[in-house]
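Worksheet: one structure, shown below.
The values are calculated or read from the model by the stated rules, or taken from the named source; none is laboratory data. No experiment lies behind these values; they were computed from the predicted model shown. Cβ coordinates were reconstructed from backbone atoms using ideal geometry, including for glycine residues, and neighbour counts include every protein chain displayed.
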């Protein structure tokens, strides 16, 4: 199929893009990589009245040090996140997650901002954002604001973005000293969205658990932080027995729904398995 007719705009500045978005009304959509919106338009699942192409806004494509965080522009491609030395060093969980996105061609075109705005409940970058407590900077023609990732994702493909707003950048906190990270997912075929995905970080201090962050995707309408469950283990040692216990608690905490292909029970079992793997690997890296 072909997309429905639309008006095409290609702004040359952020201000011009925001002005066009404001004047085009709620039927307008922005596009950058097009890896999600393009197929939806072709299948007539999306039919924007106006399409605003952001690809000339190269000032939104960057990865930079922001003190206690790294800031990444919304137009940064997945492969740039994956290959960035700064991301690998300062936020390894994000680098690991970016490596698992789709296929090579998708990572060459897809963007950080596009992935977050699309808000697929199994998407890797949305999960990392929620797990790490990322801050998402958005703007409209008349204001700019920062939305915590925990408040940004509202439901399946629904976000806190207003119809006249675009994502400008995202700040991800840096990893602490002696902190290990692991991103684990399970899918049917390489490049498919995950059936379940788990993100975890473990920070040690004198071999005691100083901080743990744990998130899961694919088990609900939005990525879920399980920090409240994990925090009860703080101050103690983390070993295979405790990891198994935490994995069981994580499985009990998620409430997936049955669908035509995958049962809720299977997703809960996957959650326990992947949490176990992610925490074990993160602990190994923290100790190493």
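Worth pointing out:
- Counting the residues of the stretch 233-288 that are assigned to a loop (DSSP other than H, G, I, E, B) and either out of contact with any helix residue (DSSP H, G or I) (no Cβ under 9 Å at 6 or more places or on another chain) or surrounded by 13 or more Cβ atoms within 10 Å (Cβ to Cβ) (or both) gives 12.
- Long-range neighbours under 7 Å by Cβ, at least six apart or interchain, first residue farther than 13 Å from residue 279 by Cβ within the stretch 222-239, second in a loop (DSSP other than H, G, I, E, B) and modelled with pLDDT of 90 or more: 224/254
- Residue match in the stretch 105-119 (condition: closer than 23 Å to residue 151 by Cβ, at pLDDT below 95, surrounded by fewer than 21 Cβ atoms within 10 Å (Cβ to Cβ) and out of contact with any strand residue (DSSP E or B) (no Cβ under 6 Å at 6 or more places or on another chain)): yes
- If you go through the stretch 208-221 and keep only what is surrounded by fewer than 21 Cβ atoms within 10 Å (Cβ to Cβ) and in contact (Cβ under 8 Å) with a residue 40 or more places away in the chain, you end up with 220, 221.
- Counting only helices (runs of 4 or more DSSP H) that fall entirely inside the stretch 1-85 and contain at least 2 residues that are out of contact with any strand residue (DSSP E or B) (no Cβ under 7 Å at 6 or more places or on another chain) and in the same structural domain as residue 112 (by TED's automatic domain parsing), the qualifying elements are 78-83.
- Of all residues in the stretch 133-144, none satisfies being in contact with a helix residue (DSSP H, G or I) (Cβ under 6 Å, 6 or more places away or on another chain), crowded, with 24+ Cβ neighbours inside 10 Å, in a helix (DSSP H, G or I) and modelled with pLDDT of 95 or more.
- Filtering the stretch 202-216 to residues that are within 16 Å of residue 279 (Cβ to Cβ) and either under 15 Å from the mean Cα position of the chain (by Cα) or not in a strand (DSSP E or B) (or both) leaves 207, 213, 214, 215, 216.
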